[in-house]
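Inspection log for the structure reproduced underneath, given as structure tokens.
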Amino acid sequence: MNFTHLTFIRNIARNLGITRLLSIRSRIANTKSTKYYQTHSPKFAEINMLGYTYKLNTLSAYEWLRANAVYQDKHIIEALLNYLEPGMDCWDIGASIGAYSCIFSLKNKPDGVVYAFEPEPASRQKLKNNVALNDVKNIVIYDLALGKEENELQLVLAHDATAGTHKLEENAIQNPDNTQLVKVTTADHLIEKDKLKIPGVLKIDVEGWEEQVLQGARQTISEPSCKAIMIEMHFSIYAAEKDNGRAGRISDILTSAGFTYLRWVDPSHLLAHR
């Protein structure tokens, strides 16, 4: 699998507008969903997926769209649930409002724990509210970002506070209007410090920060009990930062940790398993 060529092809498709054309169906669905919210103003979205049911708070049309967008990720969630066993711990890195964390908690309860990492305060509060709405007892929320070393970095905030597209930047200039200083630790250090079990499953969605997360988790993901990792590859960010080799380096970290099977579940999500 040549990740450099893949990144190059993705960039061409984006520049030609092909990726935008492929999203037309989704945008039409969003328009219909927005009209539904404007008519009915539901307080929450009830998510029924893969035999599990949970709720997500929806206090605006945008939150209604975000909540129901989880159905578009059914194939991603299903792939992870195939590896997540009852009693197995799971890490949701970049948990946002908890759309994934909640369904993970239903699969691995009562003895498994979902550790949800969300450094952005507004998204984290939405996450806490959704945990409370579902009366979930096995989700632990960390107000930390994970990276390659202990640090404090600026989180560049998206236009909407709960958009889930906030981005850590090592050289970002502090701006009270659109940055938030957050603590960064490594997965390896956190497991040692807090005496956590090795997670059996990890989901990583960190807006271009994927490589740094894995660099700080080399020992953790090398353990045989770590069964599967789902990573969203943010090719547009790699292109903007002129780093076409990043996807390949991520692949190298995974294979060196013992993940012999890498497969794309869609054009952006890579599943690594043993």
* Asked: L168's amide H: which non-local residues (gap 5+, or another chain) put their own amide H closer than 5 Å, with H modeled 1.01 Å from N in plane and none for Pro or chain starts?
  -> V156
* Select from M233, M49, M88 the residue whose mean-square fluctuation is largest in a Gaussian network model of the chain (Cα-Cα springs shorter than 10 Å). => M49
* Asked: What ranking do D177, D143 get, fewest neighbouring Cβ atoms within 10 angstrom at the top?
  -> D177, D143
* To do: Quick one: which residues, 5 or more positions from I47 or on another chain, have an amide H under 5 Å from its amide H? H modelled 1.01 Å from N in the peptide plane, none for Pro or chain starts.
  => Y54, K55, L56
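How high is the relative contact order of the chain, in percent, counting Cα pairs under 8 Å that sit 6 or more residues apart?
Details: 496 pairs, mean separation 44.2, N = 274.
Here the relative contact order equals 16 percent.
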* When the Karplus curve 6.51 cos²θ - 1.76 cosθ + 1.60 is applied with θ = phi - 60°, which whole-Hz ³J(HN,Hα) does each residue of the stretch 206-222 get, with x for Gly and Pro? -> 10, 6, x, 9, 4, 4, 5, 4, 5, 4, x, 10, 4, 5, 4, 6, 7
* Structure fact -> Candidates V140, V114, V201; GNM for the chain (alpha-carbon contacts under 10 Å) flags as most fluctuating V140
* Asked: Which percent, to the nearest 5, of DSSP beta bridges fully inside the chain are antiparallel?
  -> 55 percent
* Structure fact -> Restricted to the stretch 161-274, the DSSP antiparallel beta bridge percent, nearest 5, is 70 percent
* Across 10 Å bins from the origin, how do the percents of Cα pairs in the chain run, short distances first? -> 6, 28, 38, 24, 4, 0
* Using modelled amide H (1.01 Å from N, peptide plane; none on Pro or chain starts), what sits under 5 Å from the amide H of A116, excluding residues fewer than 5 places away? -> D92, V140, I141, Y142
* Asked: Distance from the Cα centre of the stretch 215-274 to that of the stretch 128-157, in angstrom?
  -> 21 Å
* To do: State the answer as a single residue: which of C226, P267, H166 lies farthest towards the positive end of the charge dipole of the chain, with beta carbon charges of +1 for Lys and Arg and -1 for Asp and Glu, about the Cα centre.
  => P267
* To do: Quick one: among L254, L127, L59, which has the greatest mean-square fluctuation in a GNM of the chain with alpha-carbon springs under 10 angstrom?
  => L59
* Hand me the trypsin sites (Lys or Arg not before Pro) from the stretch 77-182 located in a DSSP loop with no more than 11 other Cβ atoms within 10 Å, in residue order please. => K137
* **Neighbour-count order for S26, S222, fewest beta carbons within 10 angstrom listed first** => S26, S222
* Structure fact -> The answer for GluC sites (Glu not before Pro) in the stretch 162-231 that fall in a DSSP coil and have at most 16 neighbouring Cβ atoms within 10 Å is E170
* Roughly how big is the chain's charge dipole about its Cα centre, with Cβ charges of +1 (Lys, Arg) and -1 (Asp, Glu), in debye to the nearest 20? -> 960 debye
* Sorted by Cβ density within 10 Å, fewest first, the residues H75, H234 -> H75, H234
* Asked: In terms of the Cα gyration tensor, with a ≥ b ≥ c the square roots of its eigenvalues, is the stretch 100-257 rounded because a/c is under 1.5, prolate because a/b exceeds b/c, or oblate?
  -> oblate
* **In sequence order, calculated HN-Hα J values of the stretch 251-263 (Karplus, 6.51, -1.76, 1.60; Hz; x Gly/Pro)** => 4, 5, 4, 5, 5, 5, 8, x, 7, 8, 10, 10, 9
* Between the DSSP loop rule and a limit of at most 12 other Cβ atoms within 10 Å, which trypsin sites (Lys or Arg not before Pro) in the stretch 174-250 are left? -> K195, K242
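Every number in this text was worked out from the coordinates using simple rules, so none of it is lab data. From a predicted model like this one, the values you see are computed outputs, not experimental measurements. Ideal geometry is used to build each Cβ from the backbone, glycine not excepted, and the neighbour counts take in all protein chains shown.
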